[in-house]
1. Check A:100, A:185 and return the single one that is surrounded by fewer than 22 Cβ atoms within 10 Å (Cβ to Cβ) and in contact with a helix residue (DSSP H, G or I) (Cβ under 6 Å, 6 or more places away or on another chain).
2. Filter the helices (runs of 4 or more DSSP H) completely within region B:75-152 down to those with at least 2 residues that are away from chain A (no Cβ under 14 Å).
3. Among the residues of region A:218-241, which ones are within 12 Å of chain B (Cβ to nearest Cβ) and within 18 Å of residue A:123 (Cα to Cα)?
4. In this structure, does residue A:43 turn out to be within 12 Å of chain B (Cβ to nearest Cβ), farther than 23 Å from residue A:162 by Cα and either in contact with a helix residue (DSSP H, G or I) (Cβ under 8 Å, 6 or more places away or on another chain) or part of a helix (DSSP H, G or I) (or both)?
5. Could you grab me the full set of residues in region B:270-313 that are more than 11 Å from every other protein chain (Cβ to nearest Cβ), buried (at least 18 other Cβ atoms within 10 Å of the Cβ), part of a helix (DSSP H, G or I) and at pLDDT 85 or above?
6. Hey, residue B:262 hits all of (1) within 11 Å of another protein chain (Cβ to nearest Cβ); (2) crowded, with 20+ Cβ neighbours inside 10 Å; (3) within 22 Å of residue B:80 (Cβ to Cβ) but one; which does it fall short on?
7. All but one of (1) in contact (Cβ under 8 Å) with a residue 24 or more places away in the chain; (2) under 21 Å from residue A:230 (Cα atoms) hold for residue B:125; state the number of the condition that does not hold.
8. In region A:238-292, which residues are surrounded by fewer than 18 Cβ atoms within 10 Å (Cβ to Cβ) and part of a loop (DSSP other than H, G, I, E, B)?
């Protein structure tokens, strides 16, 4: 059952796990932000990612834009999508039963996935001749350059988000709304706008991650599902609503995924990830750095 | 009270009472008609296709009804119900192919396995609330599917074929005509409806709804939350399991992608939610509308590749959640009340 890989394979695996972990963290932090704000899980999060990847793909296929250039485009498009989702759907189920809260976004996810399949067929697509491609050597370990660029960029985006939340006035208003809705409203914060903003920013995070993923990952309608499940695991592990928690948990999950594949069997790498989710929510429901 | 007032009272009272009596009979008459229609269906429709469609409507209605017991009445939203469906389908089939046990005993054994599994999953997971529980059930479903694909003893990804036998109720196989399958699933579904109906009206149903609407309040009046959630899950798992065994005997071929997929778990929820969760007739209404709809779109838009049925499912699911969380049955009920001013 268990196989011990040679050390150089192990080192390479861990490094690529860490690189992927940064991307996972950025996807998960969007989810975490929204949950922290209003205790709603966006079950269409993976589909948002998928749409961002398709945006990058079509920008490349139709206008020859490299995925790196379409990062702002993807971020803006997803910001709008998040804002609209809040205004059109979430606002109406906020005080509703749990069932409505879950199935509102769950249905949206199914709808978006089916719409992508309807419009763009279930074919696997890939951006060819991207600007960054090929392997790169880090400390004698060979990894893909797109992965390095993506993880670096995701780390930067993560830093920007953290700065925005903790240092700017709007960010602090967002944090205040997350902590106590009523008190924030009494202090003159427009909480409805904060909710919409939270959805916009949370979705824009996925937009950025999606644009970078598009430069090296296959793009197909179901691609979001896998990332979404991993994002739930990361958010649960890091603590729902905790931004630094997402980063730590993203790295852990990235490495666990690779190690599960190396030590047990590639087919079981996600089983390892899901088992961690179950273990975490049962033993430490608030996650590693969570407040709740 | 003056005589005129008394007279007025009697005048307004009398016709109302008469009308209420007639109205109280309406559901009974409708139920009788529905049952008659259901019993006559395979006699009227003799071609295999409509019979197959009706069988699948009943099969999915049964799954949705079973899910409804836990999610609709008790408020615990599981997105991994395919686990029980597949567990029983595999148990009864394996017992048949390896040691030659009768499929009916297999059905019971499989149901026992599913109930045991539901307790094993439920006991730890019922400590989780709402979203956490829903995600945990997705994770468990994915784990089970991965394990089934990689477990060679049960056929792995290749799946498992059941041997052909001569038509007989005893061995649960009918090759020449589909109508016995129809009556078997109709019986199973009716049993499931009966149990749901009993639950709705007895103490158990009130416990379930109390847990759904306010767990703290339910606990404070002495309802053991975990225990009754487990009861709800065990009952619904048993019915999902029976449906799984039926599916195995009907199709005679199993593989992890057809009995364990997330899409099956999702379909079960979609039918119940669109029809109306927490209502007795919601799952049947949902299945009777959506299963033929899915067939129709496949015929007219060509194959599953276009995913038109999923497009409609997703759109409806969101629309129902946003505008009418009690589903089509809730909508009809509200309309009925407005129309007749109950």
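1. Being surrounded by fewer than 22 Cβ atoms within 10 Å (Cβ to Cβ) and in contact with a helix residue (DSSP H, G or I) (Cβ under 6 Å, 6 or more places away or on another chain) holds for just one of A:100, A:185, which is A:185.
2. The helices (runs of 4 or more DSSP H) meeting that bar are B:82-99, B:103-125.
3. A:221, A:222, A:225, A:226
4. Yes: the conditions hold for residue A:43.
5. B:271, B:275, B:282, B:283, B:284, B:285, B:286, B:287, B:288, B:290, B:291, listed by residue number.
6. Just one mismatch for residue B:262, condition (2).
7. Of (1) in contact (Cβ under 8 Å) with a residue 24 or more places away in the chain; (2) under 21 Å from residue A:230 (Cα atoms), only one is false for residue B:125: (1).
8. Listed by number, the residues that qualify are A:264, A:265, A:284, A:285, A:286, A:288, A:289, A:291, A:292.
The values are calculated or read from the model by the stated rules, or taken from the named source; none is laboratory data. Quick caveat: nothing in here was measured; it's all calculated off a predicted structure. Neighbour counts are summed over all protein chains in view; Cβ atoms, including those assigned to glycine, are modelled from backbone coordinates with ideal geometry.
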